[in-house]
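Engineer: Okay, handing you the structure first.
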Amino acid sequence: MSHFAVVAPPYPSHFQALQALAGELVERGHRVSFFHQPAAQRWLSDARIGFVAVGHGRLADDHLEQTLRLAAIPSGPMHLRRLIDQLASTGAMLCACLPEALAAQQVDAMLCDQMEPAGALAAEVAGIPWISIACALPINREPGIPLPVMPFDYGQSRFKRRLYRGSTEVFDWLMQPLGRVLRQACREHGLVEREGLHDWLSPLAQISQTVPSFDFPRQALPAHFHAVGPLRVAAQQDAADWPLDPARPLVFASLGTLQGHRFELFSKISQACKTLDVQLLIAHCGGLDHAQQAQLRQQGATFVTDFAPQQWAVRRADVVISHGGLNTVLDAIAAATPLLVMPIAFDQPGVAARVAYHRLGVALSRRASVSAIRSALAHLLREPLPRLTALQRELATAGGAAKGADIVEAALRSQQPILAESSPCITT
């Protein structure tokens, strides 16, 4: 069987999705290893999946901690520029170290997160095939479609299209540090120079966690683009033992691993839920201390915990409040649970815009008042959202990790583009 290398940004949500796909390949007899700086191994929980540490001594010992701190507070030009510089330094390390590591580990093919182009560059240098995986919103560019990191709603007016073009130019200017790293690595290895993330997508197969009905209307995705839905481990989560009142609605609020420290936002959510007399379960992912948790309970939160079984929580809840992380949003849609999305950074504004566009919930600013949050929750608790049920069905039949593994295996066998309309059936 084959040895697959996985390269992704060192964030828990990306590792979680790719670990599900990796686990499916391991089940089929393949060997799978993640390649990254040593500290990133913390995000792997499946002992069957290998980890190859690269870049020893090239990055500071606390490089990953610095990156996570900057990612947790990404607003403001200084923070954003420092974060991009961190991403560029990570990319430079991977460009320098991956080709040799791939050869030493006898890797046959790579699974490359769209957000880490150094993986695709290293695969090209090593002469091995790679498959692109969109763990976040797909970055495939198309005229008339705003970039995933932009908060814009969808429209085709002349003004909207100018807005999309102008914001793309600003994004490309901001990403120049990473572009310089990629161009330099291309020159060193004799490759055609490319600098944008979207320039490094696989010619064989591209796999996305989204489905067409969640995106804006697209017309130009490549024929080898496959929307397989959420990449998840097929495991039934046990119900939690919080003493919920079945007669009162339940709101589940989670801002993800990187944003769980946002006490002020949780505070406003707690106060809004108290005025509605609904139960509120907050999962802060370890971001709050005991005093803050106690204060949230006083303000109106019913239960406050570090982690909750997420798939159980989104199924049990009547409304999910999220920062717009794609994993949480897709889990809520799979449970047909209405969403209140309050985006903070990265592709979260784009996710929120799509939630609002498809009427899967409500999008608010993270600076929204208690009154605005209360009004949005009251609306979601009162009004049915039929689009949720339709999209839930589409997610249920998209194929997930099993279909993704079928596509990966087919691409490796054929070494030819795997077209979406002729992709293999899900392995049972």
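The values are calculated or read from the model by the stated rules, or taken from the named source; none is laboratory data. Computed from a predicted structure; not experimentally measured. Please note: Cβ atoms are built from the backbone with ideal geometry, for glycine as well, and neighbour counts cover all protein chains shown.
Engineer: Going through His14, His36 one at a time, which residue ends up being under 23 Å from Ile407 (Cβ atoms) and either surrounded by 21 or more Cβ atoms within 10 Å (Cβ to Cβ) or charged (D, E, K, R) (or both)?
Structural biologist: His14
Engineer: May I pose another question? Within region 178-212, how many residues turn out to be farther than 13 Å from Gly119 by Cβ, assigned to a loop (DSSP other than H, G, I, E, B) and touching a Phe, Trp or Tyr at 6+ places or on another chain (Cβ under 6 Å)?
Structural biologist: Total meeting the criteria: 0.
Engineer: Scan region 51-66 and tell me whether some residue there is assigned to a strand (DSSP E or B), modelled with pLDDT of 95 or more, surrounded by fewer than 20 Cβ atoms within 10 Å (Cβ to Cβ) and not aliphatic (A, V, I, L, M).
Structural biologist: For region 51-66, residues assigned to a strand (DSSP E or B), modelled with pLDDT of 95 or more, surrounded by fewer than 20 Cβ atoms within 10 Å (Cβ to Cβ) and not aliphatic (A, V, I, L, M): present.
Engineer: Please return the ranges of helices (runs of 4 or more DSSP H) entirely within region 306-401 where 2 or more residues are over 30 Å from His79 (Cα atoms).
Structural biologist: Output list reads 310-316, 326-334, 370-382, 386-396.
Engineer: Let me ask something else. From the list Ile333, Ile344, which residue is touching a residue at least 24 places away in the same chain (Cβ under 8 Å), buried (at least 16 other Cβ atoms within 10 Å of the Cβ) and farther than 13 Å from Val319 by Cα?
Structural biologist: Result of the check over Ile333, Ile344: Ile344.
Engineer: Name the residue, out of Ala396, Ala378, that is in contact with a Leu (Cβ under 7 Å, 6 or more places away or on another chain), surrounded by fewer than 20 Cβ atoms within 10 Å (Cβ to Cβ) and either small (Gly, Ala, Ser) or in the same structural domain as Ser202 (by TED's automatic domain parsing) (or both).
Structural biologist: Ala378
Engineer: Scanning region 1-19 for residues that are outside any helix (DSSP H, G or I) and of a type outside the set (A, V, I, L, M), which turns out farthest from Gly325 (Cα to Cα)?
Structural biologist: Ser2
Engineer: Suppose we filter Val351, Val314 for residues that are surrounded by 23 or more Cβ atoms within 10 Å (Cβ to Cβ), farther than 23 Å from Arg382 by Cβ, within 23 Å of the chain's Cα centre (by Cα) and β-branched (Val, Ile, Thr); which single one remains?
Structural biologist: Within the list Val351, Val314, the selection yields Val351.
Engineer: So, in region 263-305, of the ones that are assigned to a strand (DSSP E or B) and β-branched (Val, Ile, Thr), which residue ends up nearest to Ala363 (Cα to Cα)?
Structural biologist: Only one residue fits best here, namely Ile282.
Engineer: Suppose we filter Ala103, Ala22, Ala39 for residues that are at pLDDT 95 or above, assigned to a helix (DSSP H, G or I) and touching a helix residue (DSSP H, G or I) at 6+ places or on another chain (Cβ under 7 Å); which single one remains?
Structural biologist: Residue meeting the stated conditions: Ala103.
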